[in-house]
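The values are calculated or read from the model by the stated rules, or taken from the named source; none is laboratory data. Predicted, not measured: the structure shown is a model, and the values here were computed from it. Cβ sites come from the backbone with ideal geometry, for glycine too, and all protein chains shown count toward neighbours. In case anyone asks, the SASA skips ligands and DNA or RNA and just uses the protein heavy atoms, side chains included. Shrake-Rupley method; radii C 1.70, N 1.55, O 1.52, S 1.80 Å.
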2 protein chains.
Amino acid sequence: MDIALKLAQHACDTGEIPVGALVIDKHGNIIAQAINQVENQQNPTKHAEILALQQACELLGQKRLIGCTLVVTLEPCSMCAGAASHYRVDRIVFGAYDPKGGGIEHGACVFSHRQTLHKPEIIGGVQEQASQKLLKFFFQQLR
Amino acid sequence: MDIALKLAQHACDTGEIPVGALVIDKHGNIIAQAINQVENQQNPTKHAEILALQQACELLGQKRLIGCTLVVTLEPCSMCAGAASHYRVDRIVFGAYDPKGGGIEHGACVFSHRQTLHKPEIIGGVQEQASQKLLKFFFQQLR
């Protein structure tokens, strides 16, 4: 999460909402790192999670990330939670909870219904305050 | 939907789950067309909806698709419904309902909770049988 937070800081420095994500393989190696790119690419699907998952999948040359962990500084939205489910990640570790845009513990609660295709282990609130602090700083700068 | 069904047939011919999608702008012009590319690109985010939305956004050079309609032959999953919400499409028209993988009328019901960022108009079941017939044919071939 320390590395994901550094990525989030970097996102912040480039004018993006500070979110950083990485993928760890089953051996504990970081195989992908990404920052939010929505503003720079003018494309709302370029969330850090999606970019990190795509990178990992390209690196491994396969469409499933079985045994992998997605680490992200903010609770994923329903799009990213749905993507993580399609990639079959084993685990999602996230920082700050997101009562407004989150899709795991809030809103659509993507993994909390019977039809869910794949339910990863979820660990939320890891270094929550550090992530919240960055987000708060970013939005204060905008005002 | 006739064009989306032709795209779905094309997906089927290339070994993909038969789903086709297109985006119509506020003037009624088709500005993007895509087929499911999950198998060919070995990437589970390459759903027809995501590809069509990205194409439309690149064409218009903006990150919002206000006034646009997403037409797709199958009920979008939670990932695609979440993406459509980020793109701020006005309307989603879909063909077959998907009780197993759908994320609008089933499962996560992405737009059916208070926190939803943006709720497009939803019209489901358009040429439902034609879409179901294609899907059934595809999965029968696999067995």
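Observations on the model:
- In chain A, the longest principal axis of the Cα atoms and the axis of helix A:48-60 are about 40 degrees apart.
- Residues considered: A:G107, A:G95, A:G82. Largest GNM mean-square fluctuation over chain A, using C-alpha springs under 10 Å, is found at A:G107.
- Inter-copy separations for B:N29, label at 7 Å along Cα-Cβ, nm, ascending: 4.8
- Judged by the gyration tensor of its Cα atoms, with axes a ≥ b ≥ c, the stretch A:58-129 is oblate; a/c meets the 1.5 cut and b/c is at least as large as a/b.
- Accessible surface for chain A, divided over its residues, is 45 Å² per residue with a 1.4 Å probe.
- Nearest chain B C-beta to the B/A rotation axis, reported as residue and distance in angstrom, is B:A108, 2.
- Taking Cα atoms only, the orientation of helix A:78-87 departs from the longest principal axis of chain A by about 30 degrees.
- Fluctuation leader among A:L65, A:L117, A:L51 - chain A, Gaussian network, Cα springs under 10 angstrom: A:L117
- The same position B:I123 in the other copies lies at 4.8 nm from this copy, comparing label points 7 Å beyond Cα toward the beta-carbon, shortest first.
- Helix B:128-142 and the longest principal axis of the C-alpha atoms of chain B enclose an angle of approximately 50°.
- Checking the Cα-Cα distances for A:K6/A:K26; A:K63/B:K6; B:K63/B:K119; A:K46/B:K100; A:K46/A:K100 against a 24 Å cut-off, the pairs over it are A:K63/B:K6; A:K46/B:K100.
- For the stretch B:1-82, a simple Cβ point-charge model (Lys and Arg +1, Asp and Glu -1, everything else neutral) yields a dipole of about 300 debye relative to the Cα centre.
- Per residue of peptide A:98-109, the mean number of Cβ atoms on other chains within 10 Å of the residue Cβ is 4.
- Exposure ranking of A:S112, A:S85 by accessible area [1.4 Å probe, largest first]: A:S112, A:S85
- For B:Q62, label point 7 Å along C-beta direction: distances to other copies, nm: 4.3
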